[in-house]
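Read the structure below first, then the notes.
The values are calculated or read from the model by the stated rules, or taken from the named source; none is laboratory data. Nothing here was measured: the structure is a model prediction, and the numbers come from that model. Glycine gets a Cβ as well: all are built from the backbone with ideal geometry, and neighbour counts include every protein chain shown.
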Amino acid sequence: MIISRPMSGKIRTARNYVQTVLILLFFITPWLRWNGMQLIRLDIPERKFFLFGNIFVPQEGYFLHLFLIGAGLCLFFFTSLIGRVWCGWACPQTIYSDVFDYIGGLIQGSKYGKKDSPFASRALTHTIWLLVSALASAAWIAYFADPHIMLSYFLNFGSVSEIPTWAYFLGFFTLAMYADIAFVREQFCKYACPYARFQTVMMDTNSINITYDFNRGEPRRKGTTKIGDCTACNMCLVVCPTGIDIREGTNVWCIACGKCSDACTKQMQKEGKKTLIGYWSENQIREKTKAFKWIRPRTVVYAGGLVLVLTVLNLLLWERVPLYLSILADRNIQPVDVGDGKVRNFYEAQMQNLTLQNRNLKFEIEKTDLEGIRRLWIGGTEEAVVELPANSDKRYRLFIELEPTALDASKKSHEITLKVSDIHDPSFKKTNVVPFLLPVAIAKKKNQSVARTLWIRVLNEPSFL
Ligand code: SF4
Ligand code: SF4
């Protein structure tokens, strides 16, 4: 584990601002509401995802797939342009490592990270690290559970009889985060993070990354012999949180935090020169040009894919009706001949209201190839209107009765398109296609009658053929 030397500078200050905003967003977001719902919450027991006033259910998983494809393409696009900026500026691993370092430096001063640091201050540092881990873990769990309920649980801790499931996760995440940031730290970036490995295929020599200007820097100073600009002060190495020497070339372990650039800026200022390390592309150094090539085949392909996925996602969201509807033929009850030549088919309708308004849903037959008189019952009434309270789901038995004509009976299986709409808001509607089957006996009887009708017609009207 490496505790690197702190380094102030322009990049450090900029990262402080970015990281502070990200931390505040991370902690505040679970408390924000939109349309009366938590802004972002993945409610696993309820199998619902609350997002900006919308409720999504697992059956709408295609949104998640498109979002993940979009996030992947976004990662490809930005990595091909600006390298591992995520790692150094926005990754929780880096941000909390910086927070832990800040706390350590505040308590232990210049002794932080050294073996001779007093035990009491080290113990205090670790205690506060544990506390920070618990707070960050609680904030993380608040994306899966209501933070108000979590808070009231802690406020009434003594009187609570049952420990909620999330409390176990809170304990686990707290210990995992403490162990990771306090002891594993940069080892995770080096050996466990998959992004560090596959980023190399997204980058090329035109991608911006932390790069050493070897043209100016080399050959380095040797003793008092000064040839290139690098003074061989090794400050870039001393401040590096992953312990690499960026002067050896672009390294898969570099998290693009820019600490070495700040260190070199300070060192070069003493010489009255510009930094030797900065956010440049390899080609900018090799070809000694300051122009950066934004438009390249890979950036165009990634951007094109990203625009396409985002367009499809937005169109689907635009057309989305927040109602989950599934009407399936009841396999336990076969189509029944109920007398007088009438046939009934039975179905099970499952609905989920994904809004915060109560709905009165009317079921209607919108389209069918059946000719006979049709009637539809749901919830025990032919009015076919059922109540579906806000953010709730219900199941109803539905059946359709038909007086088949001879032509209907010529086919055993038919299709019916059912329309379900809110009686107060016609735009809130969905359709579902269900099969309608005729019992074999009816089909046979009616088929005989069709054959007889056709035969009589042929006898009377030979031209019919
Ligand atoms: S080489 Fe520089 S940018 Fe890369 S991790 Fe080390 S200090 Fe950060
Ligand atoms: S900080 Fe700059 S001058 Fe010092 S060793 Fe590194 S590259 Fe050379």
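What to note about this one:
- For segment 279-321, a residue qualifies if it is closer than 27 Å to GLU60 by Cβ and aromatic (Phe, Trp, Tyr), and the qualifying residues are TYR302, TRP318.
- Any hit, segment 63-72, residues being surrounded by fewer than 18 Cβ atoms within 10 Å (Cβ to Cβ), of a type outside the set (A, V, I, L, M) and closer than 30 Å to THR205 by Cα: yes
- For segment 276-297, a residue qualifies if it is modelled with pLDDT of 95 or more and more than 37 Å from the chain's Cα centre (by Cα), and exactly one does: LEU276.
- Against the conditions (1) under 28 Å from ILE11 (Cβ atoms); (2) part of a helix (DSSP H, G or I), SER117 satisfies every one except (2).
- Taken over segment 4-19, the criterion of being under 33 Å from the mean Cα position of the chain (by Cα) and either within 16 Å of ligand 2 (Cβ to nearest atom) or over 20 Å from TRP86 (Cβ atoms) (or both) is satisfied by LYS10, ILE11, ARG12.
- Selection from segment 273-297 of residues that are within 13 Å of ligand 2 (Cβ to nearest atom) and exposed (fewer than 14 other Cβ atoms within 10 Å of the Cβ): LYS274
- Flag for SER117 being without any contact (Cβ under 8 Å) to a residue 24 or more places away in the chain, assigned by TED's automatic domain parsing to the domain that holds PHE26 and surrounded by 16 or more Cβ atoms within 10 Å (Cβ to Cβ): yes
- Some residue of segment 39-53 being part of a helix (DSSP H, G or I), touching a strand residue (DSSP E or B) at 6+ places or on another chain (Cβ under 8 Å) and in contact (Cβ under 8 Å) with a residue 12 or more places away in the chain: no
- Residue within segment 161-169 that is among the polar types (S, T, N, Q) and under 23 Å from the mean Cα position of the chain (by Cα) present: yes
- Within this structure, TRP294 fails the test of being over 30 Å from LYS419 (Cα atoms), within 16 Å of ligand 1 (Cβ to nearest atom) and not aliphatic (A, V, I, L, M).
- Sole exception among (1) part of a loop (DSSP other than H, G, I, E, B); (2) loosely packed, with under 14 Cβ neighbours inside 10 Å for ASN391, by number: (2)
- Some residue of segment 246-258 being over 36 Å from the mean Cα position of the chain (by Cα), within 12 Å of ligand 1 (Cβ to nearest atom) and aliphatic (A, V, I, L, M): no
- Residue check: VAL300 meets all listed conditions (1) over 31 Å from the mean Cα position of the chain (by Cα); (2) away from ligand 2 (no atom under 16 Å from the Cβ) but one, namely (1).
- Taking segment 316-328 as the range and being crowded, with 17+ Cβ neighbours inside 10 Å and touching a strand residue (DSSP E or B) at 6+ places or on another chain (Cβ under 6 Å) as the test, the residues that pass are LEU323, TYR324, LEU325, ILE327.
- Enumeration of residues in segment 7-38 that are outside any helix (DSSP H, G or I) and over 15 Å from GLY88 (Cβ atoms): SER8, LEU32, ARG33, TRP34, ASN35, GLY36, MET37, GLN38
- Of all residues in segment 76-98, at least one satisfies being among the charged types (D, E, K, R) and either touching a Gly at 6+ places or on another chain (Cβ under 8 Å) or touching a residue at least 40 places away in the same chain (Cβ under 8 Å) (or both).
- Within segment 221-259, the residues that satisfy the criterion of being within 11 Å of ligand 2 (Cβ to nearest atom), assigned to a loop (DSSP other than H, G, I, E, B) and of a type in the set (A, V, I, L, M, F, W, C) are CYS230, ALA232, CYS233, VAL239, CYS240.
- Among strands (runs of 3 or more DSSP E) entirely within segment 319-387, having at least 2 residues that are free of Cβ contacts under 8 Å to residues at least 40 places away in the same chain and under 17 Å from THR431 (Cα atoms) singles out 373-378.
- Residue list for segment 401-439, restricted to those being over 41 Å from the mean Cα position of the chain (by Cα) and either in a strand (DSSP E or B) or at pLDDT 90 or above (or both): GLU401, LEU402, GLU403, SER413, LEU437
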